[in-house]
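What follows is a set of notes on a single structure, which appears directly below.
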Amino acid sequence: MYKPLFTYLILIGLTFVIKSASANTINAVTSFGILADVVKNVGGKHVKVTSIVPPNGDPHSYEPSPGDVKLIKSADVIFLSGMGLENWFQRLAKAAGTSTAPIAVSKGIETYSVTAGYGQFRTDPHVWNDVDNVQVWVNNIEAALIEVRPDLTNEIQQAAQAYREKLTALDANIHAKLTSLPTDKRDILTSHDAFSYYTKAYGVRFLSPQGVSTETEASAATIAKLIDQIKQLGVTRYFLENSNNTRLVKQIANATGAKPGGRLYPESLSEENGPAATYIKLMQYNTQQIVTALSE
């Protein structure tokens, strides 16, 4: 006769434990997967992170869904990269009617501007392609999480510091791998201008028909000029991108004789079982693909 009461008490206890664990977790929402992975590492076990843009998705042209509205409404903290990457977020925030102001983690990064045609320049938002810039992300994310949960300050600081050390090692590894490439043989063709920060940090030059956003269309004059430039430089390899249309870059490769070098992940993680499931794996994979292709 005591078993039902005993079982009931156990269920009450389990419910209390689950609610306590949930209450101790920061519910974070990020715009895209690369940023989500960095937040996971900074927050450790104390943060539950959901990315709005899915794996292999395009963070430039993403179309928000009703499910995303629910995500935003339930978030304790919202993280964006900023710099004009997620222009769609304004529509989403308006639809959600949230009072939670998003944190732009790229604040404080020295930006790099690229030509947008007709004498105009546009800030390149792909800051994460230089590992040093992600160190700035870590600082901003750490501060935001601590502001949400000051009682977790020590735990968040420890997780953030551990991740900083991993990023420092990653940066050194990328520099070491690229030393094998002659400086005059570091030109490659890609779909859009997403690697300006990688170029500045690591000395590999990327040529592309599209600008910093995949929402822009390359003109016939731009494509013709790019083909001439590729031939003059003797560019021998082109890369596809996981989140973008491959048609145009293949057409240019056919016109110039460039050979396929593989697939890069400039702004989107792969699926969990893919080669770029985390930010660190993404940077390692992209670098190895470049080194392998240009060494052949």
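Selection of strands (runs of 3 or more DSSP E) fully inside region 1-89 by the criterion of at least 2 residues being acidic (Asp, Glu), loosely packed, with under 10 Cβ neighbours inside 10 Å and modelled with pLDDT of 95 or more returns nothing.
Going through (1) surrounded by 18 or more Cβ atoms within 10 Å (Cβ to Cβ); (2) over 25 Å from GLY108 (Cα atoms); (3) of a type in the set (Lys, Arg); (4) modelled with pLDDT of 90 or more one by one, LYS177 falls short only on (1). Any residue that is in contact with a Pro (Cβ under 6 Å, 6 or more places away or on another chain) and at pLDDT 95 or above - is there at least one of those in region 142-152? Looking for residues that are in contact with a Pro (Cβ under 6 Å, 6 or more places away or on another chain) and at pLDDT 95 or above, one finds none in region 142-152, hence no.
Against the definition (under 20 Å from the mean Cα position of the chain (by Cα) and more than 17 Å from TYR279 (Cβ to Cβ)), how does THR179 come out, yes or no? Taking the combined requirement at face value, the residue does not satisfy it. If ARG122 meets every condition in (1) assigned to a helix (DSSP H, G or I); (2) more than 28 Å from LYS281 (Cβ to Cβ) apart from one, which number is that one? Here ARG122 clears every test but (1). If only residues of region 121-155 that are free of Cβ contacts under 8 Å to residues at least 12 places away in the same chain and either surrounded by 16 or more Cβ atoms within 10 Å (Cβ to Cβ) or of a type in the set (A, V, I, L, M) (or both) are counted, the one that is nearest to ASN27 (Cα to Cα) is ILE146. If the condition is being buried (at least 21 other Cβ atoms within 10 Å of the Cβ), modelled with pLDDT of 80 or more and over 14 Å from THR256 (Cα atoms), then region 213-242 contributes only GLU241. In this structure, does SER106 turn out to be touching a helix residue (DSSP H, G or I) at 6+ places or on another chain (Cβ under 8 Å), not assigned by TED's automatic domain parsing to the domain that holds ILE290 and not aliphatic (A, V, I, L, M)? Against the criterion (touching a helix residue (DSSP H, G or I) at 6+ places or on another chain (Cβ under 8 Å), not assigned by TED's automatic domain parsing to the domain that holds ILE290 and not aliphatic (A, V, I, L, M)), SER106 qualifies.
Please pick out the residue among ASP184, ASP132, ASP171 that is modelled with pLDDT under 90 and either charged (D, E, K, R) or part of a helix (DSSP H, G or I) (or both). Spell out the reasoning first.
Numbers: ASP132 fails: modelled with pLDDT under 90; ASP171 fails: modelled with pLDDT under 90.
Answer to the check: ASP184.
The values are calculated or read from the model by the stated rules, or taken from the named source; none is laboratory data. Nothing here was measured: the structure is a model prediction, and the numbers come from that model. When we count neighbours, we look across all protein chains shown, and the Cβ atoms used for this are built from the backbone with ideal geometry, even at glycine.
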